[in-house]
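J.: Take a look at the following structure, please.
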């Protein structure tokens, strides 16, 4: 699937062929948002149609031809045809110094034009003038958003998303798409408590459209996870929700060996799902964070380990199973702290301070509001799982919770 998708020159709109490929692996429902539709503060752009993008010298030798690699032209580049000096051309060239690859650059809304090239290609530009022939147009079309739905017992939803817009890049984007396909086949065999909605979208404008068009209603959502960069790297990196202590955060941190990263308002669609007036708790579990991935947004993002994607898919599945099955606890009486002395669970002589046992019991009781799992109690109290489970069992036996 990844090999087929890699060959498609995707962008924000016009990804019909990619969705036809994806349809071979899971059932999809489509939402089509016309160009010009206002999605909160953003418009859906027109479709970019590139006829050619060539840079050649005055002798006619072709230096760059985007038909051989779409990354060699800025995605959504405007048209430009004519002779240009090397000095002026420099302002239109994008090179990552010290890296052998071609960078991926976009101009979705700016109307700019330009080329992207490797440092080696750039070093060969020694002439004083060049000929540019970029022919592109922008046409009214539709942005396609794909959804795969797995109904659960509850109307409460868990959102899982990845993006299908980056051309010629595998770990950033397509590895997450493959993970969601894997996850669909794992989840559909389960009797699920929650309803799962798997989205394949254009990054940023896609998630904004889902929210603005009320395809996703925040009040219905438990949490969301964004899948990307899951095909390279032996370690697991976890970017927390904006809350930092949501149950999904605590389940992952308490049960899986992850490097923890606090939420920051940059990255992928977790920004949009967590944004003001939305505030869906959204996290991301990656193999290599995009900012640590040396081939991020370059032509060298052309390989992944399918084994690692499969392993990460299984981790996602185990996380979701834990979220569905970890018990929540609630006190049995009407309110206030329970009278523990009648259960021989409180000191008989009052004095300042609390023993560790007293603290553990107090934490369990305080968090027994029907919302907190064992993982929540472990993370919030700072005591280990064995101690928490031991005293939970005692409080259950005594009828306190």
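J.: Can residue 261 be described as assigned by TED's automatic domain parsing to the domain that holds residue 149, out of contact with any helix residue (DSSP H, G or I) (no Cβ under 7 Å at 6 or more places or on another chain), under 14 Å from residue 287 (Cα atoms) and crowded, with 16+ Cβ neighbours inside 10 Å?
T.: So residue 261 passes the test.
J.: Sticking with this structure for a sec: Being touching a residue at least 24 places away in the same chain (Cβ under 8 Å), over 23 Å from residue 375 (Cα atoms) and outside any loop (DSSP other than H, G, I, E, B) is the requirement here; does residue 310 meet it?
T.: Numbers: touching a residue at least 24 places away in the same chain (Cβ under 8 Å): yes; over 23 Å from residue 375 (Cα atoms): yes; outside any loop (DSSP other than H, G, I, E, B): yes.
Taking the combined requirement at face value, the residue satisfies it.
J.: Taking the options 173, 146, 231, name whichever one is over 27 Å from residue 262 (Cβ atoms) and either modelled with pLDDT under 95 or assigned by TED's automatic domain parsing to the domain that holds residue 318 (or both). Show your work before the answer.
T.: Working: 173 fails: over 27 Å from residue 262 (Cβ atoms); 231 fails: over 27 Å from residue 262 (Cβ atoms).
Every option except 146 fails the conditions.
J.: Another question, if that's okay. From the list 392, 401, 360, 388, pick out the single residue that is touching a residue at least 24 places away in the same chain (Cβ under 8 Å), in a helix (DSSP H, G or I) and in contact with a strand residue (DSSP E or B) (Cβ under 7 Å, 6 or more places away or on another chain).
T.: So the residue among 392, 401, 360, 388 that is touching a residue at least 24 places away in the same chain (Cβ under 8 Å), in a helix (DSSP H, G or I) and in contact with a strand residue (DSSP E or B) (Cβ under 7 Å, 6 or more places away or on another chain) is 392.
J.: Still on this structure, I have one more. Need the failing condition index for residue 192 against (1) under 21 Å from residue 154 (Cβ atoms); (2) in contact with a strand residue (DSSP E or B) (Cβ under 9 Å, 6 or more places away or on another chain); (3) at pLDDT below 95, just the number.
T.: (3)
Residue-by-condition table, conditions (1) farther than 30 Å from residue 28 by Cα; (2) in a loop (DSSP other than H, G, I, E, B):
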| residue | (1), (2) |
| --- | --- |
| 56 | yes, no |
| 108 | no, yes |
| 111 | yes, yes |
| 134 | yes, no |
| 154 | no, yes |
| 158 | no, no |
| 162 | no, no |
| 165 | no, yes |
| 168 | no, yes |
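J.: Give the residue that is nearest to residue 3 (Cα to Cα), with candidates limited to residues of the stretch 235-248 that are in contact (Cβ under 8 Å) with a residue 60 or more places away in the chain and surrounded by fewer than 23 Cβ atoms within 10 Å (Cβ to Cβ).
T.: My answer is 236.
J.: In this structure, is residue 89 in a helix (DSSP H, G or I), in contact with a strand residue (DSSP E or B) (Cβ under 7 Å, 6 or more places away or on another chain) and crowded, with 17+ Cβ neighbours inside 10 Å?
T.: Here the answer is yes, as residue 89 does meet what is asked.
J.: Further, regarding this structure: Taking residue 372 and the conditions (1) in a helix (DSSP H, G or I); (2) buried (at least 19 other Cβ atoms within 10 Å of the Cβ), which numbered condition does it fall short on, given that it satisfies the others?
T.: Result: residue 372 fails condition (1) only.
Okay, residues lined up against (1) in the same structural domain as residue 35 (by TED's automatic domain parsing); (2) within 27 Å of residue 15 (Cβ to Cβ); (3) buried (at least 19 other Cβ atoms within 10 Å of the Cβ):
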| site | (1), (2), (3) |
| --- | --- |
| 62 | no, no, no |
| 66 | no, yes, yes |
| 84 | no, no, no |
| 109 | no, yes, no |
| 121 | no, no, no |
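J.: Got at least one residue in the stretch 331-339 being outside the structural domain of residue 238 (by TED's automatic domain parsing) and part of a helix (DSSP H, G or I)?
T.: The answer is no; no qualifying residue exists.
J.: Take the residues in the stretch 20-31 that are in contact (Cβ under 8 Å) with a residue 24 or more places away in the chain and either more than 21 Å from the chain's Cα centre (by Cα) or outside any strand (DSSP E or B) (or both), then tell me which one is surrounded by the most Cβ atoms within 10 Å (Cβ to Cβ).
T.: My answer is 22.
J.: Among the residues of the stretch 382-396, write down those that are farther than 22 Å from residue 332 by Cα and surrounded by 16 or more Cβ atoms within 10 Å (Cβ to Cβ).
T.: Result: 383, single match.
J.: Check off (1) touching a strand residue (DSSP E or B) at 6+ places or on another chain (Cβ under 9 Å); (2) modelled with pLDDT of 95 or more; (3) in the same structural domain as residue 231 (by TED's automatic domain parsing); (4) surrounded by fewer than 20 Cβ atoms within 10 Å (Cβ to Cβ) for residue 316 and give me the number that stays unchecked.
T.: (4)
J.: A further question follows. With respect to residue 199, determine if the residue is closer than 23 Å to residue 164 by Cα and free of Cβ contacts under 8 Å to residues at least 60 places away in the same chain.
T.: Yes; evaluated as a whole, the condition is true for this residue.
The values are calculated or read from the model by the stated rules, or taken from the named source; none is laboratory data. Since the structure is predicted, the reported quantities are computational estimates derived from the model, not experimental observations. Cβ sites come from the backbone with ideal geometry, for glycine too, and all protein chains shown count toward neighbours.
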